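As structure tokens, the structure follows; a few thoughts come after it.
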Amino acid sequence: MSQRFWDLEFPLPFIPYSLGYIGVFLILFIAAYFVFKPVKYRIPYFRRIKALLNASSLNARKLSRFSDLMSPPGAGTPPGDQGGQARPSA
């Protein structure tokens with residue numbers, strides 16, 4: 001895109017300078033950022049995401065050790081498993 005729009009110039013009012021497409025993009029990006037920032041959490045989708053992140057961070061604070069992330073012993077073994085002992089076949 002830079003080759004296509006490199007020669008495009010936007011004259012600035014009241015001064016003899018002009019901006020290229022990158023300058024215009026940065027100005028519009030910064031304006032959109034500051035307009036969107038205060039209203040972001042009023043949109044239901046972003047409100048749900050914030051609630052999920054807050055719940056996750058509260059859960060992470062409850063963990064005191066790395067082993068709290070591991071499942072309890074025996075949780076992954078199927079019932080009736082002999083713990084690796086081989087049975088003789090008939």
> Quick one: in the stretch 58-83, which of the residues that are surrounded by 10 or more Cβ atoms within 10 Å (Cβ to Cβ) and not hydrophobic (A, V, I, L, M, F, W, C) is modelled with the lowest pLDDT?
Replying inline: 81
> Is it the case that the stretch 15-33 has a residue that's exposed (fewer than 10 other Cβ atoms within 10 Å of the Cβ), under 18 Å from the mean Cα position of the chain (by Cα), at pLDDT 85 or above and part of a helix (DSSP H, G or I)?
Replying inline: yes
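Report yes if residue 44 is at pLDDT 90 or above and more than 30 Å from residue 3 (Cα to Cα), otherwise no.
Against the criterion (at pLDDT 90 or above and more than 30 Å from residue 3 (Cα to Cα)), residue 44 qualifies.
The values are calculated or read from the model by the stated rules, or taken from the named source; none is laboratory data. All values derive from a computational prediction rather than experimental measurement. When we count neighbours, we look across all protein chains shown, and the Cβ atoms used for this are built from the backbone with ideal geometry, even at glycine.
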